[in-house]
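Read-outs: derived from the displayed coordinates by stated rules, not from any lab. Small disclaimer: the values here were computed from a predicted structure and weren't measured. Reconstructed Cβ throughout: ideal geometry from the backbone, glycine too, with neighbour counts over all protein chains shown.
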């Protein structure tokens with residue numbers, strides 16, 4: 001953990017002084033700090049480069065490949081640095097120094113992460129690091145002929161996630177095909193299984209004809225989990241609480257709170273009639289695994305405008321959060 005923190009610290013601080021010029025996924029175009037992860041999300045070319053260099057690092061000491069199962073060789077990539085001490089006492093001092101530096105780096109990374117989320121929250125952090133990342137980046141110098149992207153340009157970009165974080169007006173969707181851990185052959189017609197995917201509560205199942213589908217697990221009425229007793233009739237799913245029914249293909253509302261008599265329709269009056277969310281579901285290209293196309297930013301987008309007041313959170317009172 002200490003070694004990872006030291007690398008993370010270098011990754012946070014060094015780009016503030018040295019940037020390789022370029023566009024799109026170059027070092028110059030990638031924002032500093034936590035936003036770098038979001039910037040590279042889905043960037044296949046960049047992720048391939050990262051994996052490629054990790055592979056080189058892992059295989060550069062292939063002679064010790066059979067020793068990697070031992071913790072004695074953890075982190076030893078066989079570079080054979082000549083300046084490292086050979087005697088046991090000297091190696092012990094080096095390990096202690098590395099341990100202390102690792103602990104210090106963990107504290108430093110935690111401080112920068114806290115300040116990134118809540119600017120000014122770290123008391124002893126001063127200068128550009130105490131400001132919001134977009135302001136700090138526009139004010140700090142750059143070397144090696146690299147021109148740091150200005151804060152104005154970054155905020156103006158539609159995909160400027162830092163701007164989205166601080167304006168809390170819009171979080172861009174990020175759809176990914178996620179595995180559910182289910183096999184299509186394991187599901188019988190009419191069977192339903194609830195899953196948490198990318199922060200979303202979804203329901204995977206098959207209609208009576210055996211066609212695979214995926215819908216939101218919570219009924220739009222009171223947020224009742226469909227997985228707790230919903231019926232599948234043809235290609236229609238029926239809520240177990242008040243009998244609201246929806247098409248599993250389109251999510252269209254077909255009937256709203258018909259049961260029990262009198263009570264069901266009365267409860268339906270106090271809630272807005274809405275369709276049931278429908279998500280794309282498929283089986284994997286190689287195999288029988290069920291995958292669902294999920295917006296992994298859906299929860300973040302909703303919670304971007306989360307707090308109404310000190311004690312009242314949006315959706316917690318009226319139930320829309322659930």
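Using alpha-carbon pairs under 8 Å, 6+ residues apart, how would you state the relative contact order of segment 184-248 in percent? Computed value for segment 184-248: 24 percent relative contact order. Placing dummy labels 7 Å off each Cα toward the beta-carbon, the span from residue 99 to residue 196 is 3.6 nm. Exposure proxy ranking for 98, 291, based on other Cβ atoms within 10 angstrom of each Cβ and starting from the fewest, stands as 98, 291. For segment 167-306, relative contact order (Cα pairs under 8 Å, six or more residues apart, normalised by length) works out to 31 percent. Taken along its three principal axes, the alpha carbon spread of segment 182-290 comes to 50, 28, 21 Å, from the longest extent down to the shortest. Just grab the label-to-label distance for residue 56 and residue 185, each label 7 Å out from Cα along the Cβ direction, in nm (one decimal). Result for the modelled spin labels: 4.3 nm.
Here r is the Cβ-Cβ distance between residue 4 and residue 172 and R0 is 25 Å; the resulting FRET efficiency, rounded to 0.05, is 0.30. Rounded, prolate or oblate: which fits segment 195-241 when a ≥ b ≥ c are the square roots of the eigenvalues of the alpha-carbon gyration tensor, with rounded for a/c under 1.5 and prolate only if a/b beats b/c? Oblate shape, in that a/c is at least 1.5 and b/c is the bigger or equal ratio. Model label points for residue 289 and residue 302, set 7 angstrom from Cα along the Cα-to-Cβ axis, are 2.6 nm apart.
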